[in-house]
Amino acid sequence: MSESLIYALEHVTYQYKDGKIALEDINLQVAAQERVMLLGPNGCGKSTLQKILAGLIFATSGIVTAFGEKIQFQLMKDRQFSTAFRRKVGFVFQNSDVQIFCTSVLDEIMFGPLAMGMNFSDAKQRAEELISYTGISSLSHCSPHHLSGGEKKKVAIAAILAVNPEVLIFDEPTNGLDPKSQRWIIDTINQLNQAGKTIILATHCLESVPELADRVVVLGENHRIIASDTPKAILTNREILLAANLIDPRYHLHLHGTDGHVHIHKRDEVLNS
């Protein structure tokens, strides 16, 4: 495995116990410091693929290699290996409530470093720096469960950053957030990438793709990869977008300007504009 590669997946399939296929014959590589966007309709397997990359679940068949090691259930049972892997990969869930469990924001962000063996003083200092970085200093002693969606997302991101992973995996990072919080998330993800983090995101929202991706991997309703290319190439390929059920046949997508800003119009609106 090349030193520049973080992940290499070969013929990966994931099947539920009831026989339902979530992913089928996935071949994928992710390079260090790359921003990869997983795009596709609900139920296509984006979140399942991310959980496999995060070592939360394991492929039914095929080979998953991360950081030069084959990721398997038996290997993850080794505490030393599992701890080292968890230091390298952070997962920010779509629903922040599923990963927030401490009684205060400060405790939530300190938890990871303390679990990894950092002393209390250093863990508190790191948590306070991240609380400042995410702009939630006034919430330090609040219960994270009582915060707004955007504030919870900031707490979840700060908690993941507290262990300084090399890879950050985001599942629908802007879903359900107000425009101001969405802008903060997008800017923060790109700052983290510029600081050297590898970013893997999943969404079905086309508007965020040009700002957040170097490469787009499209999963179809058949749970397979149906395209992998630059954001511009994917977003200008109407056949791919229709095949992945990402746009309504009555709508037309436009990329505007040098920044690739996305607009989606009804076809009659385009014809009359």
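Read-outs: derived from the displayed coordinates by stated rules, not from any lab. Note that the structure is predicted; figures quoted are calculated from it, not measured. Neighbour counts run over all protein chains shown; Cβ positions are idealised from the backbone, glycine included.
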Run lengths n ≥ 4 of DSSP H only: what is the helix-derived mean residue ellipticity at 222 nm for the chain, with -39500 (n - 2.57) per run over all residues, to the nearest 500?
-10000 deg cm²/dmol
For a Förster distance of 45 Å, can you work out the FRET efficiency between the beta-carbons of Arg250 and Thr13, rounded to the nearest 0.05?
0.85
Cβ-based exposure ranking for Arg35, Arg79, Arg224, in which fewest neighbours within 10 Å come first:
Arg79, Arg224, Arg35
Under a point-charge model restricted to the Cβ atoms of Lys and Arg (+1) and Asp and Glu (-1), what is the dipole moment magnitude of the chain relative to its Cα centre, in debye to the nearest 20?
340 debye
Using the alpha-carbon atoms, what tilt in degrees (0 to 90, nearest 10) does helix 79-88 show relative to the longest principal axis of the chain?
60 degrees
For Tyr16, Tyr133, Tyr7, which order do you get if you count the other beta carbons within 10 Å of each Cβ and list the fewest first?
Tyr16, Tyr133, Tyr7
Return the sequence-ordered ³J(HN,Hα) values of segment 159-171 in whole Hz as given by the Karplus equation 6.51 cos²θ - 1.76 cosθ + 1.60 applied to θ = phi - 60°, using x for Gly and Pro.
5, 6, 5, 4, 9, 6, x, 7, 10, 10, 10, 10, 9
Stretch gain in nm, segment Asp187-Ser137, where the contour uses 0.36 nm per residue and the Cα spacing is subtracted
16.1 nm
Using the Cα centre of the chain as origin and beta-carbon charges of +1 (Lys, Arg) and -1 (Asp, Glu), tell me which of Ser121, Pro179, Pro231 is placed farthest towards the positive end of the dipole.
Ser121
Can you tell me the orientation of helix 120-133 relative to the chain, as the angle in degrees between its alpha-carbon axis and the longest Cα principal axis, to the nearest 10?
30 degrees
Measuring from the longest principal axis of the C-alpha atoms of the chain, the long axis of helix 179-194 (C-alpha) lies at a number of degrees, nearest 10, equal to 80 degrees
Among Gln80, Ser208, Asn193, which residue has its Cα positioned farthest towards the positive end of the charge dipole of segment 5-272, with +1 placed on the Cβ of Lys and Arg, -1 on the Cβ of Asp and Glu, and the dipole taken about the Cα centre?
Gln80
Distance in nm between label sites at Asn222 and Asn237, each 7 Å beyond Cα in the beta-carbon direction?
1.4 nm
